[in-house]
Amino acid sequence: MSGAEYFFWQKLHQKVFIIITFFSLLLMAFSSGIIIAYLRANAALAPVIAQNTEPMKISGILVGVDRSIEGSWRAKIKLDQMHGRFAQNNPKYVRLTTNRIVGAKIGSKFECNAILRPPPPAIIPNAYNFARKAWFLQIGAIGYCKDSPILSEQISPNLIAQLQNSMTEARLKASAKLSKGQTGGGAGFLAAITTGDRSWISRADSDALQGSGLGHIVSVSGIHVSLIAGIIYFALVRIFSLLGAFALWFDVRKIAAVFALICAIGYTVFTGSEAPAIRAALMTTVALTAILIDRKAISLRGLAIAAFLILLFRPEHAADAGFQMSFLATMALVALWEVFVPANGGAPRALPNKLGFWLLGAVLASLVAGLATLPISISNFGRFSTYGLIANVISAPIVDFIVGPFAVLAAAITPFGLGEWAWQIASWGLDLVLRLAYYFSSIDAQANTIKHLGVMACFTMVFSIVWACFWRSKLKILAIVPLLAAIGVWAMAPLPELYIAAGGRAIYAPKAQVRSGSISRVCFLKGARFDALRLIDAANIVETEKEIDKANIGQRRSQNCAIGRGDWEAHFVSADAIFGQGEKGHAITENTALSITFGNETTAFNAQNLQNGAILYRHGWRLKLYKPKGASRPWSRK
């Protein structure tokens, strides 16, 4: 064998070995993910109630309290007794809506008369599944207290409970002070993003932010944690660099990184340690730790490490739209950083050029992050804001250069009684963001309802984004191939005609012809009004149409309610006539079936054969009913 042939075969063996090793590691990672997910699901195993309960006395220990955006108080209770009985099959935790808990302390004894129900599953296929989230939080029931709860101080709360109490009290006092006791406006917005208490945002403000595509600013997530850590880090580096001897003796970058890390973790804990904030804090920790060990802070390797750590301990986050969007956005921003900064030779030294550099960076970051998360947004929510990218591009400099810096400065000098003016400037910046939100959300067709992105089309689009971000050579142009394929599959996807709630308790058809006997495009059974409202939200129609349908839902729909669109019809019928004579005394929801007629067939559904809901699709002139099979997942068991 000649030297050239030997060299050729040696190179070939090396490439084959690399390919085999790559796919072996990929298979190991996939298998490990399945094992970790199985272990995590079983580790979270806790009892879940099977059906709604009558009012009963419950007692337990208060382990958490927060407020929703509607201002209602929600208490998380570690359950001791239900109906005065200790039982092994009682839920471990329950979440209750109640009136204001005066002087509530974490660790206090909690008693009230409550009505409980199982955590609601997805109302239709592929919709948000609260039952899955509740499973991993070990919440076995949700409900509300019919009367004011009775709380008694625990005799000897542990250290963790004392810290939780102190943090909760400080958070509620800070949010009340920042909002000035008034709901809505820039002050309420400031209280929400500073403390995590979103109850000070008015419903009108929240709708405007969602309609304009700026709703992500409300939730304490990556944008807030990273912005705070970044501002503190760069500010301290500049301040320490002015101290000549100090900068020569110590590495000011590492000292600033330690302070920024402490502040990021402290802010995450102070705002309630919600899942998006924890993910952002972990990614920020990886980046700042890289500075401490003299590695590159902003890199795709650091992002991969953060994702690995999160999924190792909380694999359920992989199915969370927030997790997917945050990592896609961060990946796109890191890829932009690796291209944008070297191409411009780093930040310029002249102040005007430096301001222009960072302003352009903020605009590009908002644009790239919005495009990267678009597939997940369409797949999960079935809509996009027409002017969402424009709104985010305009609001990004306001948040990055006005709200963020002055809020951090205000927090630093408030202990000295000097922070009021800085809080006012931050609040003014958020007032500007709200004005943008109201303007863009008021434009006609501000939110377009489009076809849901199927699993395969969404996966292919995300693959194209990952390909474009990871490749540094000209091969990244090949990302256009899977992107075009995904768009083709998406374009041929059928359109939804009828949304059917789990158990067949409610139906909603956004494009249905209104029959003379009904005043809306929705029908539901007694006690299923909440299901009907969830269907309207899940349909993702334009806000004006959604409000009209919700306004017409005031009275109960009975069996004479029918909706259809010429070649199909849906209405409620007696279950006895279809499934046979039932037992006497059945409630109307148990003795009623949903009848759907399309084509040459009529199908009837009830709670037993429609546990996961269904959707009637139209593809051209053909109609097809999508009814997923019952899942064997633990949170789907009855």
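The values are calculated or read from the model by the stated rules, or taken from the named source; none is laboratory data. Here the structure is a predicted model, which means the values were calculated and not measured. Here the Cβ positions follow ideal geometry from the backbone for every residue, glycine too, while neighbour counts run over all protein chains shown. Side chains included, ligands, DNA and RNA excluded: accessible areas come from the protein's heavy atoms. Shrake-Rupley method; radii C 1.70, N 1.55, O 1.52, S 1.80 Å.
Within segment 193-210, being without any contact (Cβ under 8 Å) to a residue 60 or more places away in the chain and either farther than 25 Å from Phe440 by Cα or not in a helix (DSSP H, G or I) (or both) holds for one residue alone: Ser202.
Taking Ala445 as meeting all but one of (1) at pLDDT 80 or above; (2) over 19 Å from the mean Cα position of the chain (by Cα); (3) open to solvent by 50 Å² or more (accessible area, probe 1.4 Å), write down the number of the exception. Only one criterion in (1) at pLDDT 80 or above; (2) over 19 Å from the mean Cα position of the chain (by Cα); (3) open to solvent by 50 Å² or more (accessible area, probe 1.4 Å) is unmet by Ala445, namely (1). For segment 91-134, a residue qualifies if it is in a loop (DSSP other than H, G, I, E, B) and either on the phi > 0 side of the Ramachandran plot or charged (D, E, K, R) (or both), and the qualifying residues are Lys92, Arg100, Gly103, Lys105, Gly107, Asn126. Are any residues in segment 413-432 closer than 28 Å to Phe259 by Cβ and either touching a Gly at 6+ places or on another chain (Cβ under 8 Å) or touching a residue at least 24 places away in the same chain (Cβ under 8 Å) (or both), and if so, which ones? Listed by number, the residues that qualify are Ile413, Trp423, Ala426, Ser427, Trp428, Gly429, Leu430.
Table: residues versus (1) more than 27 Å from the chain's Cα centre (by Cα); (2) open to solvent by 70 Å² or more (accessible area, probe 1.4 Å).
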site	(1), (2)
Gln10	yes, yes
Gln14	yes, yes
Phe22	yes, yes
Pro47	no, no
Thr53	yes, no
Ile58	yes, no
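Tell me yes or no: at least one residue of segment 142-161 is open to solvent by less than 30 Å² (accessible area, probe 1.4 Å) and within 22 Å of the chain's Cα centre (by Cα). For segment 142-161, residues open to solvent by less than 30 Å² (accessible area, probe 1.4 Å) and within 22 Å of the chain's Cα centre (by Cα): present. For Ser241, the criteria (1) farther than 30 Å from Ile394 by Cα; (2) surrounded by fewer than 17 Cβ atoms within 10 Å (Cβ to Cβ); (3) at pLDDT below 85; (4) not aromatic (Phe, Trp, Tyr) hold in every case but one, which is (3). Filtered by the rule that a residue be hydrophobic (A, V, I, L, M, F, W, C) and closer than 18 Å to Gly404 by Cα, segment 258-276 gives Phe259, Ala260, Leu261, Ile262, Cys263, Ala264, Ile265, Phe270.
Do we have Thr271 as of a type outside the set (Asp, Glu), within 25 Å of the chain's Cα centre (by Cα) and within 28 Å of Val339 (Cβ to Cβ) here?
Numbers: of a type outside the set (Asp, Glu): yes; within 25 Å of the chain's Cα centre (by Cα): yes; within 28 Å of Val339 (Cβ to Cβ): no.
Considered against the rule, which asks whether it is of a type outside the set (Asp, Glu), within 25 Å of the chain's Cα centre (by Cα) and within 28 Å of Val339 (Cβ to Cβ), Thr271 comes out as no.
Across segment 283-303, what is the total count of residues that are part of a helix (DSSP H, G or I), of a type outside the set (D, E, K, R) and open to solvent by 50 Å² or more (accessible area, probe 1.4 Å)?
Initially, segment 283-303 is screened for residues part of a helix (DSSP H, G or I), giving 283-292, 300-303.
Filter once more, so that each one left must be of a type outside the set (D, E, K, R): 283-292, 300, 302-303.
Within this subset, residues satisfying the condition of being open to solvent by 50 Å² or more (accessible area, probe 1.4 Å) are 289, 292.
So the count comes out to 2.
For Arg85, the conditions (1) at pLDDT 90 or above; (2) open to solvent by 100 Å² or more (accessible area, probe 1.4 Å); (3) of a type in the set (Lys, Arg) all hold with the exception of (1).
Report, by residue number, each residue of segment 406-422 that is touching a helix residue (DSSP H, G or I) at 6+ places or on another chain (Cβ under 6 Å) and open to solvent by 40 Å² or more (accessible area, probe 1.4 Å). I'd like the intermediate steps shown before the answer.
Start the filter on segment 406-422 by keeping residues that are touching a helix residue (DSSP H, G or I) at 6+ places or on another chain (Cβ under 6 Å), which leaves 406-410, 419, 422.
Within segment 406-422, Phe406, Leu409 qualify.
Summed over segment 467-495, residues that are open to solvent by less than 50 Å² (accessible area, probe 1.4 Å) and closer than 18 Å to Pro375 by Cβ total 7.
Given the condition open to solvent by less than 20 Å² (accessible area, probe 1.4 Å), part of a loop (DSSP other than H, G, I, E, B) and either at pLDDT 85 or above or more than 21 Å from Ala362 (Cα to Cα) (or both), answer yes or no: does some residue in segment 211-231 qualify? No, every residue in segment 211-231 fails to be open to solvent by less than 20 Å² (accessible area, probe 1.4 Å), part of a loop (DSSP other than H, G, I, E, B) and either at pLDDT 85 or above or more than 21 Å from Ala362 (Cα to Cα) (or both).
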